[in-house]
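The structure appears below as structure tokens.
The values are calculated or read from the model by the stated rules, or taken from the named source; none is laboratory data. Because the structure is predicted, anything quoted here is derived from the model rather than measured. Every residue, glycine as well, gets a Cβ built from its backbone with ideal geometry; the counts of neighbours run over all protein chains shown.
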Amino acid sequence: MDLGIAGRTAAVAGASSGLGFAAAQALAAEGVRVAICGRDRRRVDSAADHIPRSVALVADVSSTEGATAFVESAIDVLGSVDILVANAGGPPPGNFASTPLEAYRAALDLNLLATVAMCEAAVPAMCERGWGRVVAITSMTVRQPSPALILSNTARAGVTAFLKTLAGEVAGRGVTVNSVQPGLHLTDRARSLYGDDVAAAAGSVPVGELGDPADFGAVVTFLCSDHARFVVGAALPVDGGAYQGLQ
């Protein structure tokens with residue numbers, strides 16, 4: 001299927017590894033010119049070596065300043081940004097009893113305000129051109145909070161509300177805004193959370209295995225396509241059936 005996005009440009013945050021990297025690879029496979037970022041020059045350059053037509057940028061999107069700078073740099077090197085994939089690592093694990101108040105501020109910067117900043121830097125120009133796609137990578141914990149991830153639960157729920165609100169505001173300008181909510185995928189993040197129990201964690205997934213990041217990247221890319229023009233404000237679980245609620 002031709003997704004209709006060959007020749008478009010994309011800024012993919014947090015793409016030196018994991019799900020961001022998989023999304024950037026999938027977009028590039030459709031002929032999209034991609035700017036990726038990461039905090040470490042060596043890692044982001046290595047990632048770009050595996051993504052055709054990509055540009056590697058060093059940026060730390062854990063702050064609003066860094067997030068804005070990434071999108072502005074992507075516009076400088078690509079000429080424009082038609083597609084924004086907002087993504088960042090997760091905050092440290094913890095529950096209410098173990099998490100100090102000041103930790104919430106850093107988590108909100110990382111998983112809420114940085115996405116707002118990236119949208120502020122990219123979306124107005126998309127609206128002016130009459131075409132754009134925003135896809136944010138959040139987490140299944142937005143629907144089903146994890147007792148051990150209170151910071152992620154809180155910040156990502158907030159960004160989901162922001163994205164839903166933004167989606168309605170810009171839909172009439174040819175810009176779609178959606179989010180994807182990954183469950184367990186075989187990434188460094190999963191390995192850091194579960195250590196030697198990664199394989200055992202697959203037992204909680206109805207399909208019986210952890211997700212393949214490449215499959216996840218394909219889902220993100222479809223939401224960026226012309227075919228997905230009527231998908232607006234969706235928050236799509238990509239979790240192998242782990243979430244079993246009705247909404």
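Going through segment 210-233 one residue at a time, which ones are among the small types (G, A, S) and either touching an Asp or Glu at 6+ places or on another chain (Cβ under 7 Å) or over 16 Å from L84 (Cβ atoms) (or both)?
If we filter segment 210-233 for residues that are among the small types (G, A, S), which is where we start, we get 211, 214, 217-218, 225, 228, 233.
Once the filter is applied, which keeps residues that are among the small types (G, A, S) and either touching an Asp or Glu at 6+ places or on another chain (Cβ under 7 Å) or over 16 Å from L84 (Cβ atoms) (or both), segment 210-233 yields G211, A214, A218.
Picking from D60, D40, which residue would you name as being surrounded by 14 or more Cβ atoms within 10 Å (Cβ to Cβ), touching a strand residue (DSSP E or B) at 6+ places or on another chain (Cβ under 9 Å) and charged (D, E, K, R)?
On the way: D40 fails: surrounded by 14 or more Cβ atoms within 10 Å (Cβ to Cβ).
Unique residue meeting the criteria: D60.
Quickly run through segment 70-99 and pick out the residues that are of a type in the set (S, T, N, Q) and farther than 20 Å from V116 by Cβ. Break it down stepwise before answering.
Taking segment 70-99 as the starting set, the residues that turn out to be of a type in the set (S, T, N, Q) are 73, 80, 87, 95, 98-99.
Across segment 70-99, the qualifying residues are S80, N95, S98, T99.
If I filter segment 154-164 for residues that are touching a helix residue (DSSP H, G or I) at 6+ places or on another chain (Cβ under 7 Å), under 18 Å from P92 (Cα atoms) and β-branched (V, I, T), do I get at least one hit? First the steps, then the outcome.
From segment 154-164, those touching a helix residue (DSSP H, G or I) at 6+ places or on another chain (Cβ under 7 Å) are 154-160, 162; that's our starting set.
Next cut, under 18 Å from P92 (Cα atoms) only: 154-159.
Next, only the ones that are β-branched (V, I, T) stay: 154, 159.
For segment 154-164, residues touching a helix residue (DSSP H, G or I) at 6+ places or on another chain (Cβ under 7 Å), under 18 Å from P92 (Cα atoms) and β-branched (V, I, T): present.
For segment 66-106, give me the residue count where each residue is of a type in the set (G, A, S), part of a helix (DSSP H, G or I) and crowded, with 24+ Cβ neighbours inside 10 Å.
Here is the first cut: in segment 66-106, the ones of a type in the set (G, A, S) are 66-67, 69, 73-74, 79-80, 86, 88-90, 94, 97-98, 103, 106.
Retained after the next criterion (residues that are part of a helix (DSSP H, G or I)): 66-67, 69, 73-74, 103, 106.
Then keep just the ones that are crowded, with 24+ Cβ neighbours inside 10 Å; that gives 67, 74.
The qualifying residues number 2.
Quick one: which of D188, D239 is touching a residue at least 12 places away in the same chain (Cβ under 8 Å), among the charged types (D, E, K, R), closer than 24 Å to S16 by Cα and in contact with a strand residue (DSSP E or B) (Cβ under 9 Å, 6 or more places away or on another chain)? Step through it out loud before you land on a result.
Numbers: D188 fails: in contact with a strand residue (DSSP E or B) (Cβ under 9 Å, 6 or more places away or on another chain).
On inspection, the qualifying residue turns out to be D239.
Yes/no matrix, rows are residues, columns are (1) without any contact (Cβ under 8 Å) to a residue 60 or more places away in the chain; (2) touching a helix residue (DSSP H, G or I) at 6+ places or on another chain (Cβ under 6 Å); (3) of a type in the set (A, V, I, L, M):
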| position | (1), (2), (3) |
| --- | --- |
| D49 | yes, no, no |
| A59 | yes, yes, yes |
| G66 | yes, no, no |
| I83 | no, no, yes |
| T99 | yes, yes, no |
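Please specify each residue of segment 207-244 satisfying the condition of being of a type in the set (A, V, I, L, M, F, W, C), modelled with pLDDT of 95 or more and in a loop (DSSP other than H, G, I, E, B).
Taking segment 207-244 as the starting set, the residues that turn out to be of a type in the set (A, V, I, L, M, F, W, C) are 207, 210, 214, 216, 218-220, 222-224, 228, 230-232, 234-236, 238, 242.
In the following step, the residues that additionally are modelled with pLDDT of 95 or more were identified as 214, 216, 218-220, 222-224, 228, 230-232, 234-236, 238.
Across segment 207-244, the qualifying residues are C224, F230, V231, V232, A234.
Going through segment 154-191 one residue at a time, which ones are touching a Pro at 6+ places or on another chain (Cβ under 9 Å), surrounded by fewer than 20 Cβ atoms within 10 Å (Cβ to Cβ) and among the polar types (S, T, N, Q)?
T154, the sole residue that qualifies.
With the structure loaded, tell me whether R133 is modelled with pLDDT of 95 or more and surrounded by fewer than 17 Cβ atoms within 10 Å (Cβ to Cβ) or whether it fails that test. Step through it out loud before you land on a result.
Values: modelled with pLDDT of 95 or more: yes; surrounded by fewer than 17 Cβ atoms within 10 Å (Cβ to Cβ): no.
When the stated conditions are applied, R133 does not pass them.
So for segment 45-59 (the condition being in a helix (DSSP H, G or I), of a type outside the set (G, A, S) and under 18 Å from the mean Cα position of the chain (by Cα)), does at least one residue qualify? Working first, answer last.
Residues of segment 45-59 in a helix (DSSP H, G or I): 45-48.
Subsequent filtering for residues that are of a type outside the set (G, A, S) retains 45.
When the remaining residues are screened for being under 18 Å from the mean Cα position of the chain (by Cα), the result is none.
The answer is no, given that none of the residues of segment 45-59 is in a helix (DSSP H, G or I), of a type outside the set (G, A, S) and under 18 Å from the mean Cα position of the chain (by Cα).
For A136, which of the numbered conditions (1) in contact with a Ser or Thr (Cβ under 8 Å, 6 or more places away or on another chain); (2) part of a helix (DSSP H, G or I); (3) among the aliphatic types (A, V, I, L, M) fails to hold?
So A136 meets the others, but not (2).
For segment 21-44, which positions are assigned to a loop (DSSP other than H, G, I, E, B) and closer than 24 Å to L223 by Cβ? Before the answer, list the steps.
First pass over segment 21-44, keeping only residues assigned to a loop (DSSP other than H, G, I, E, B): 30-32, 39-40.
Of everything in segment 21-44, those that are assigned to a loop (DSSP other than H, G, I, E, B) and closer than 24 Å to L223 by Cβ turn out to be E30, G31, V32.
If you go through segment 11-19 one residue at a time, do you hit one that is part of a strand (DSSP E or B) and either over 17 Å from R133 (Cβ atoms) or not acidic (D, E) (or both)?
Quick first cut of segment 11-19, residues part of a strand (DSSP E or B) only: 11-12.
Those left that are additionally either over 17 Å from R133 (Cβ atoms) or not acidic (D, E) (or both): 11-12.
Taking every residue of segment 11-19 in turn, at least one turns out to be part of a strand (DSSP E or B) and either over 17 Å from R133 (Cβ atoms) or not acidic (D, E) (or both).
Quick check on C127: is it touching a strand residue (DSSP E or B) at 6+ places or on another chain (Cβ under 7 Å), surrounded by 17 or more Cβ atoms within 10 Å (Cβ to Cβ) and not in a loop (DSSP other than H, G, I, E, B)? Before the answer, list the steps.
Details: touching a strand residue (DSSP E or B) at 6+ places or on another chain (Cβ under 7 Å): yes; surrounded by 17 or more Cβ atoms within 10 Å (Cβ to Cβ): no; not in a loop (DSSP other than H, G, I, E, B): yes.
When the stated conditions are applied, C127 does not pass them.
Would you tally the residues in segment 216-236 being touching a strand residue (DSSP E or B) at 6+ places or on another chain (Cβ under 8 Å) and charged (D, E, K, R)?
1
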